[in-house]
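Colleague: Questions regarding the structure given below will be posed in turn.
The values are calculated or read from the model by the stated rules, or taken from the named source; none is laboratory data. Note that this is a predicted model, so its numbers are computed, not measured. Heads up, the Cβs are rebuilt from the backbone with ideal geometry, glycines too, and the neighbour counts pull from every protein chain shown.
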Amino acid sequence: MKSIRTFLAIAIASAAVTSFAITPEQEKAFVENYKKAFEAKDEKALAAFLYTKGAEVGTIGFFSMMQLADAGKPVTSIELVTPTKEEAARYNKAMPMPDGGMCKMPVKPVRKLVIVIEEKSGDSTSKSTHSNPVAEVDGKLVIPVPVPAK
């Protein structure tokens, strides 16, 4: 009986870990398409990456604006990485918004998109790193926009 319980516990844990069904080719296409839209400062294409179901209009506007903050600049590097345990835990907790309300992710992020931009001006170099949680919804990678926490 104990071995059956152990087997079920392992099977359930494995199912949770392996539920990410996106292929490496889909991940590569997501990264390439995002980079192309980002460097072109294509507002419409960047907005298409956002998963906005249940999000408030102001929150969608804020996240759209944040996407465009450094858009149009050449990307030094861009990659999808697995979030750390701490990041994953933070993604799955309610968090405060600038307006004082609380929000949460509408879907569980399974990756993180990390974008690095380096700019040179004369003798100085500035480097900025941006990251966005990435989730899988209906077989597609998306950047979830937080929804009100209830």
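Colleague: Is there any pair with a first residue in the range 84-102 that is in contact (Cβ under 8 Å) with a residue 40 or more places away in the chain and a second that is aromatic (Phe, Trp, Tyr) whose Cβ atoms are under 9 Å apart and which are 6 or more apart or on different chains, and what are they?
Modeller: MET97/PHE62
Colleague: Would you pick out the residues in the range 25-70 that are of a type in the set (Ser, Thr, Tyr) and part of a helix (DSSP H, G or I)?
Modeller: TYR34, THR59, SER64
Colleague: Of the residues VAL142, VAL110, VAL134, VAL114, only one is aliphatic (A, V, I, L, M), under 15 Å from the mean Cα position of the chain (by Cα), more than 16 Å from THR84 (Cβ to Cβ) and in a strand (DSSP E or B); which?
Modeller: Testing whether each residue is aliphatic (A, V, I, L, M), under 15 Å from the mean Cα position of the chain (by Cα), more than 16 Å from THR84 (Cβ to Cβ) and in a strand (DSSP E or B) leaves just VAL142.
Colleague: Same structure again: Just give me the residues in the range 70-83 being free of Cβ contacts under 8 Å to residues at least 40 places away in the same chain, closer than 16 Å to GLU43 by Cα and exposed (fewer than 15 other Cβ atoms within 10 Å of the Cβ), in sequence order. Steps first, answer last, please.
Modeller: Within the range 70-83, the first condition is being free of Cβ contacts under 8 Å to residues at least 40 places away in the same chain, and the residues that meet it are 71-72, 77, 81-82.
Subset that is closer than 16 Å to GLU43 by Cα: 71-72.
Of everything in the range 70-83, just one residue is free of Cβ contacts under 8 Å to residues at least 40 places away in the same chain, closer than 16 Å to GLU43 by Cα and exposed (fewer than 15 other Cβ atoms within 10 Å of the Cβ), namely GLY72.
Colleague: Here is a follow-up. Filter the range 22-59 down to the residues that are among the aliphatic types (A, V, I, L, M) and more than 16 Å from the chain's Cα centre (by Cα), then identify the one that is modelled with the highest pLDDT.
Modeller: Here the answer is ALA40.
Colleague: If you don't mind, there's one more thing I want to ask. Within the group ALA89, ALA47, which residue is closer than 25 Å to ILE22 by Cα, of a type in the set (Gly, Ala, Ser) and loosely packed, with under 15 Cβ neighbours inside 10 Å?
Modeller: Sole residue among the options that is closer than 25 Å to ILE22 by Cα, of a type in the set (Gly, Ala, Ser) and loosely packed, with under 15 Cβ neighbours inside 10 Å: ALA89.
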